[in-house]
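Notes to accompany the following structure.
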Amino acid sequence: MPAATAVLVGILALGGCSGHAPAPSATATGPSRVAVAASISTIAALVKAVGGDHITVASIVPVGASPETYDPSPRDLVELANAQLIVKNGAGLELWLDKVLHNVAKPTAKVIVLSDGLPIQGAGGPGQPGNPHLWLNVAYAQVYVQRIANALREVDPANASAYTANEHAEIQRLAKLDSWIHWRISSIPSAQRTMITFHDAWFYFDVRYGLRDVGAIEPSPGQAPSAAYLAALINQARANHVKAVFAEPQFSPKLAQQLAASAGIKTVTDLYDDTLGTTPSLQTYEGMMQYDVDTIVKALTS
């Protein structure tokens, strides 16, 4: 049993002996709200858009942390133990979550995997679940919203009409966002629509919006590139006239800066994908995507 899980078991056992129930999903004076645990902040933002005031939602992976290498804390496990609905991406993004849910989740908790049935690229045999970052294609984010709404209606049928209204409103917002992204990316000259990223998060985005993905600095989550791998990527950057290398705040910028310096290109270190940002404008899915697109367009056109 992992150490954090053992701590949680002790906490729950003490609570049971003292007669204290798990934390309720509502305030003492307010209406009951559905307790939802989402694996990452980006998904939590979509859950909040659908659930509105009828839910409380906790992001297990905090803003600014990488979900692929995250080690949950005892507090995270308590959030999972109290959740009526648990929302995860799947496709190998949160393998640590799969390992703890059996020990901490309520038997009655509903667990949904948003990527199930979607065309995951790179999936193979055991140990090769494929690229999990489907939400960066806004069309797939719309599917996520529909699945979140279906789950909330099942868990809380009394507020089904509210979830349906919020679902439709969010789908419309995402349709406008999708059109806007196509328009913004089209402003980049075709020969300059080429990206190198820190890790391979932007595949589905690039396919939908017409960019070329030359490669990623990190071959797989948590694996540093070899000197030979980095040299080959530098050659790719030069051969494809890449104008910028893109990294994310949750990772050290040193490797991106090293590649950019060797290839003679710019470094962008604040692109968001697995996590939202800390400023208000970056705390919704739409805000994150708008910021990212503006950042990409500026880097590839200046």
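Since every read-out is calculated from the coordinates, none of them should be taken as a lab result. From a predicted model like this one, the values you see are computed outputs, not experimental measurements. Every residue, glycine among them, receives a Cβ derived from its backbone with ideal geometry; neighbour counts consider all protein chains shown.
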- Message: Quick check on the exposure proxy: order Trp180, Trp96 from fewest to most C-beta atoms within 10 angstrom.
- Response: Trp180, Trp96
- Query: What list do you get for Glu286, Glu248 if you sort them by fewest beta carbons within 10 Å?
  - Reply: Glu286, Glu248
- Partner lysines for Lys266 [C-alpha distance under 17 Å; skip if fewer than 8 residues away on the same chain]: Lys243, Lys254, Lys298
- Message: Among Leu134, Leu255, Leu118, which one shows the highest mean-square fluctuation when the chain is modelled as a Gaussian network with alpha-carbon springs under 10 Å?
- Response: Leu118
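Sort Phe246, Phe198 so the one with the fewest other Cβ atoms within 10 Å of its own Cβ comes first. Walk me through the numbers on the way to the answer.
Working: Phe246 27, Phe198 24.
In order of increasing Cβ crowding within 10 Å: Phe198, Phe246.
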- Message: What are the extents of the Cα atoms of region 187-271 along their three principal axes, in Å, largest first?
- Response: 33, 23, 19
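Per DSSP H run of n ≥ 4, the term is -39500 (n - 2.57); total these for the chain, divide by its residue number, and report the mean residue ellipticity at 222 nm rounded to 500 deg cm²/dmol.
Working: 10 runs with 138 residues, N = 302.
Value at 222 nm, helices only, nearest 500: -14500 deg cm²/dmol.
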- On a C-alpha basis, how far is the centre of region 185-231 from the centre of region 239-302 in Å? Whole number, if you could? 11
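Would you work out the charge dipole size for the chain about its Cα centre, treating the Cβ of every Lys and Arg as +1 and the Cβ of every Asp and Glu as -1, and quote it to the nearest 20 debye?
Values: 20 positive and 24 negative charges, 75 e Å.
The dipole of the chain has a size of about 360 debye.
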- Lys/Arg +1, Asp/Glu -1 at C-beta; the chain dipole; positive extreme among Ser179, Leu255, Asn159: Ser179
- Integer Hz, Karplus 6.51/-1.76/1.60 couplings in order for region 80-93, x for Gly and Pro: 5, 5, 8, 6, 8, 9, 10, 10, 10, 7, x, 6, x, 5
